[in-house]
Amino acid sequence: MTTTVPPLLEALAGRRPRRLPVWFMRQAGRSLPEYRAAREGLTMLESCLRPQVAAEITVQPVRRHRVDAAIFFSDIMVPLRLAGVAVEISPGIGPVFEKPVRSADDVRELVAHEPGDPQPVVEAVRLARAELDGVPSGDASWTPLIGFAGAPFTLAAYLVEGKPSRDHLAARALMHADPASWDALLGWCARVSGAFLRAQVEAGAAAVQLFDSWAGSLRRDDYVAHVAPYSKAALDAVSGVPKIHFGTGTGHLLPDVRDAGADAVGVDYRTPLDEANRLLGGATPLQGNVDPAMLAAGWDALSAHARDVVTRGYAAPGHVVNLGHGVPETTDPDVLTRLVELVHALPGSAKSAAEGAA
Ligand code: CP3
């Protein structure tokens with residue numbers, strides 16, 4: 001390992017490496033034929049809990065696309081499964097619970113579960129790290145691995161609804177109908193997510209991302225009072241690595257998302273990065289935000305859009321290029337590889353863009 005810092009970590013520290021770092025949410029999985037081969041005959045959660053399989057799938061997109069980070073192949077539901085909660089991930093549907101958590105009694109029963117043994121996670125991160133330590137990124141000789149967890153609200157939304165839902169009405173009602181149960185539920189989710197993050201960092205993850213996919217469905221006052229403190233508790237469980245905090249539809253919440261304890265904010269595709277930077281006061285590194293729909297819009301439209309994202313991102317102190325949400329299942333992997341090549345060929349900062357043009 002050299003002392004040169006990989007571009008991902010430079011950008012997350014608010015600096016402008018020569019080359020823009022790029023990785024994709026949901027890069028590990030679904031759109032890759034080698035992923036489908038590695039998972040053959042295993043359910044989603046089984047593959048997450050087999051260290052060799054999880055490590056192999058984690059590294060696949062780095063080998064194929066030369067992205068500047070691996071994201072650990074796992075799921076936000078894994079810590080719940082490790083804690084003994086009956087959850088499955090149904091293909092094409094998402095997480096489904098045997099018993100939704102609806103009443104005060106349900107919450108009491110749930111929070112009696114201790115976070116389980118993270119050994120399969122620790123082992124998988126170690127195996128992936130061993131390979132990534134030898135894969136260059138920019139001028140560095142190694143590629144960082146990003147650990148992650150689901151934010152307490154997103155986990156709670158699934159637990160309360162029992163399955164994916166659009167508006168999270170049951171969860172948002174429980175928040176106000178029974179604040180004491182809400183506090184117990186979110187506090188427990190923060191504890192299991194925090195333990196999951198800590199296990200990944202202790203095994204060698206160089207950064208973490210907290211996914212609050214459904215935070216955008218909240219009013220700002222509810223987010224600040226009933227959600228952000230628990231996200232902060234989950235993020236506070238780790239120290240010494242940069243923390244990215246991502247949600248979708250959070251244009252109205254960006255400063256609050258940052259203030260929950262993030263070093264960088266993940267912006268979905270709805271808010272242009274120059275506007276996000278303005279909302280955040282120009283001091284926070286950003287991650288995002290190529291619209292996933294553009295991956296299927298043809299190269300001319302995609303490349304023009306990606307250049308626009310990069311140009312708007314120059315406003316921020318640091319920028320990690322990513323999508324504004326996950327890779328769609330139907331994405332042509334070659335389009336992702338070409339997008340990585342394009343981003344790597346673009347100037348890393350407004351200054352080098354101006355020098356190049358001069
Ligand atoms: O590549 C990566 O990003 C790493 C692994 C990862 C997965 N899920 C693997 C996965 C990560 C970081 C997640 C996060 C996750 N999981 C979130 C937050 C991010 C987001 O997308 O909003 C959420 C809400 C979940 C819960 C979950 N798991 C859903 C909604 C689904 C989709 C169901 C479907 O098939 O449409 C899953 C399944 C899942 N998680 C897959 C993968 C690769 C697909 C499994 C398959 O191939 O059958």
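For the reader, a short list of remarks on this structure follows.
- Taking segment 7-357 as the region of interest, the number of lysine pairs whose Cα atoms are within less than 30 Å, with members eight or more places apart or on different chains, is 6.
- Net charge dipole, segment 7-357: roughly 540 debye, given to the nearest 20, about the Cα centre with Cβ charges of +1 for Lys and Arg and -1 for Asp and Glu.
- Part-to-part distance (alpha-carbon centres) for segment 144-195 and segment 1-75, which is given in Å: 25 Å
- Full-stretch length increase - ASP139, ARG102 - with 0.36 nm per residue and alpha-carbon distance subtracted: 8.2 nm
- VAL85 accessible area, 1.4 Å probe, all protein chains in place, Å² to nearest 10: 20 Å²
- Computed over protein heavy atoms with a 1.4 Å probe, the carbon and sulfur contribution to the accessible area of the chain reaches 52%.
- When the Gaussian network model of the chain links Cα atoms closer than 10 Å, the mean-square fluctuations of LEU82, LEU279, LEU295 top out at LEU279.
- Once all protein chains are placed together, ASP221 keeps about 90 Å² accessible to a 1.4 angstrom probe.
- In Å, descending, principal axis extents of the Cα set of segment 112-242: 52, 32, 26
- The angle between the Cα long axis of helix 333-345 and the main principal axis of the chain comes to about 50°, on a 0 to 90 degree scale.
- For the chain, the longest principal axis of the alpha carbon atoms and the long axis of helix 51-65 meet at an angle near 30°.
- Share antiparallel - DSSP beta bridges, the chain, percent rounded to 5: 20 percent
- For GLU355 and GLU109, the FRET efficiency from 1/(1 + (r/R0)^6), where r spans their Cβ atoms and R0 equals 45 Å, is about 0.15.
- If you plug the beta carbon distance of TRP299 and ALA86 into 1/(1 + (r/R0)^6) with R0 = 45 Å, you get a FRET efficiency near 0.50.
- Take every pair of alpha-carbon atoms less than 8 Å apart whose residues are at least six positions apart; their mean separation over the length of segment 1-119 yields a relative contact order of 20 percent.
- Computed Kirkwood radius, in angstrom, where 1/r is averaged over Cα pairs of the chain: 20.4 Å
- Note on the chain: helix-only mean residue ellipticity at 222 nm, from DSSP H runs of 4+ residues weighted -39500 (n - 2.57) and normalised by residue number, equals -14000 deg cm²/dmol.
- Each Cα pair under 8 Å and six or more residues apart adds its sequence gap; the mean of these over the residue count of the chain is a relative contact order of 21 percent.
- Using θ = phi - 60° in the Karplus curve 6.51 cos²θ - 1.76 cosθ + 1.60, the 3J(HN,Hα) couplings for segment 268-283 round to 6, 6, 7, 10, x, 5, 5, 5, 4, 4, 5, 4, 9, x, x, 10 Hz; x is entered for Gly and Pro.
The values are calculated or read from the model by the stated rules, or taken from the named source; none is laboratory data. These numbers come from a predicted model, not from an experiment. Here Cβ is always computed from backbone atoms with ideal geometry, including for glycine, and neighbour counts include all displayed protein chains. Side chains are part of the model used for accessible areas, which takes the heavy atoms of the whole protein and leaves out ligands, DNA and RNA. Shrake-Rupley method; radii C 1.70, N 1.55, O 1.52, S 1.80 Å.
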